[in-house]
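Student: Please read through the structure below; I'll follow up with questions.
The values are calculated or read from the model by the stated rules, or taken from the named source; none is laboratory data. None of the values given here were measured: they were computed from a predicted structure. Cβ placement follows ideal geometry from the backbone for every residue including glycine, while neighbour counts extend to all protein chains displayed. Note: accessible area is taken over every heavy atom of the protein model, side chains too, but ligands, DNA and RNA are not part of it. Shrake-Rupley method; radii C 1.70, N 1.55, O 1.52, S 1.80 Å.
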Amino acid sequence: GAGVSQSPRYKVAKRGQDVALRCDPISGHVSLFWYQQALGQGPEFLTYFQNEAQLDKSGLPSDRFFAERPEGSVSTLKIQRTQQEDSAVYLCASSSLGLGSPSSGANVLTFGAGSRLTVL
Amino acid sequence: DQQVKQNSPSLSVQEGRISILNCDYTNSMFDYFLWYKKYPAEGPTFLISISSIKDKNEDGRFTVFLNKSAKHLSLHIVPSQPGDSAVYFCAARTSGTYKYIFGTGTRLKVLA
């Protein structure tokens with residue numbers, strides 16, 4: 001597609017429910033990132049995929065958070081047993097360059113519109 | 001420990017004047033810096049970047065200045081337009097890595 005697409009745009013969950021957030025990156029983009037943005041804060045890194053390989057999951061706040069990108073394109077971020085502190089906008093971003101690319105340069109990220117999660 | 005800081009949460013500027021948004025960082029290993037603009041209910045959109053080997057990069061009305069000794073960068077918008085009203089984030093990346101660290105953002109309001 002022309003841009004990064006995320007769904008759902010809005011999700012309300014009761015505390016304890018599991019949620020799944022989907023990201024469709026730009027076609028052919030090697031790198032995919034998930035960021036979490038709490039109200040009034042900047043985006044915080046969660047995890048990074050290069051194709052289907054999850055190279056860094058150091059930003060995932062707990063083992064309730066799980067991300068996958070099985071075929072190197074669409075990615076899903078799953079949050080189990082949601083808590084109120086999980087309420088945030090979850091941003092997905094992709095880029096055409098991967099780690100170690102000769103022309104990595106600035107490796108600009110293209111973001112989706114985000115999925116706003118509210119946990120009651 | 002916030003490695004990228006935007007100490008001004010908001011800024012108001014008259015249309016046609018210059019907007020200056022500031023960003024400070026602590027990690028001397030950062031090699032690329034990006035500015036993103038974010039409108040409500042949209043994702044951040046890329047605005048302009050600068051490599052650590054440069055001290056200035058210009059793109060139309062937008063210019064980014066980098067002062068490595070002060071670990072400071074700034075985004076200048078001249079002339080400011082009402083459509084520039086948005087939240088601006090600076091982001092930085094360490095050489096050889098892939099993840100960007102973002103500041104907390106500055107909300108710019110350009111008054112008509």
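Student: Return the carbon/sulfur percentage of the accessible area of chain B, one whole number, probe 1.4 Å, all protein chains in place.
Tutor: 49
Student: A follow-up question, please. To one decimal place, what orientation-averaged projected area in nm² is obtained for the convex hull of the Cα set of the protein assembly as shown?
Tutor: If I average the Cα hull's projected area over directions, I get 12.7 nm².
Student: Of the accessible area of the stretch A:61-101, with the probe set at 1.4 angstrom, what percent is carbon plus sulfur?
Tutor: 46
Student: Another question about this same structure. Do any GluC sites (Glu not before Pro) in the stretch A:13-78 lie in a loop, going by DSSP, with at most 13 other beta-carbon atoms within 10 Å of their beta carbon, and if so which?
Tutor: For GluC sites (Glu not before Pro) across the stretch A:13-78 that sit outside H, G, I, E and B with at most 13 neighbouring Cβ atoms in 10 Å, the list reads A:Glu52, A:Glu71.
Student: Another question about this same structure. Counting only heavy atoms of protein chains, what accessible area per residue, in Å², does the stretch A:33-120 have with a probe of 1.4 Å?
Tutor: Per residue, the stretch A:33-120 has 44 Å² of solvent-accessible surface.
Student: Would you list which lysines come within 25 Å of B:Lys99, measuring only between C-alpha atoms, while excluding same-chain residues fewer than 8 positions from it?
Tutor: Partners found: A:Lys57, A:Lys78, B:Lys5, B:Lys37, B:Lys38, B:Lys54, B:Lys56, B:Lys68, B:Lys71.
Student: At a probe of 1.4 Å, how much accessible area disappears from chains B and A on forming the pair, both sides counted, to the nearest 100 Å²?
Tutor: By this definition, chains B and A bury close to 1700 Å².
Student: Taking only protein heavy atoms into account and a 1.4 Å probe, give the accessible area per residue of chain B in Å².
Tutor: 48
Student: Among rounded, prolate and oblate, which fits the stretch B:38-102 when a ≥ b ≥ c are the square roots of the eigenvalues of its C-alpha gyration tensor, a/c under 1.5 means rounded, and a/b larger than b/c means prolate?
Tutor: Since a/c reaches 1.5 but b/c is at least a/b, the shape of the stretch B:38-102 is classed as oblate.
Student: Mind checking A:40-52 for the average number of partner chain beta-carbons within 10 Å of each residue's beta-carbon?
Tutor: 4
Student: Shape of chain A from its Cα gyration tensor (a ≥ b ≥ c, root eigenvalues): rounded if a/c is under 1.5, otherwise prolate when a/b > b/c, or oblate?
Tutor: The shape class here is prolate.
Student: Using a 1.4 angstrom probe on protein heavy atoms only, which residues from the stretch A:73-99 are buried by at least 30 Å² of accessible area when all chains are present rather than their own chain alone?
Tutor: Those residues are A:Leu99.
Student: Roughly how many debye, to the nearest 20, is the charge dipole of chain A about its Cα centre, given +1 on each Lys and Arg Cβ, -1 on each Asp and Glu Cβ, and no other charges?
Tutor: Value, rounded to 20: 420 debye.
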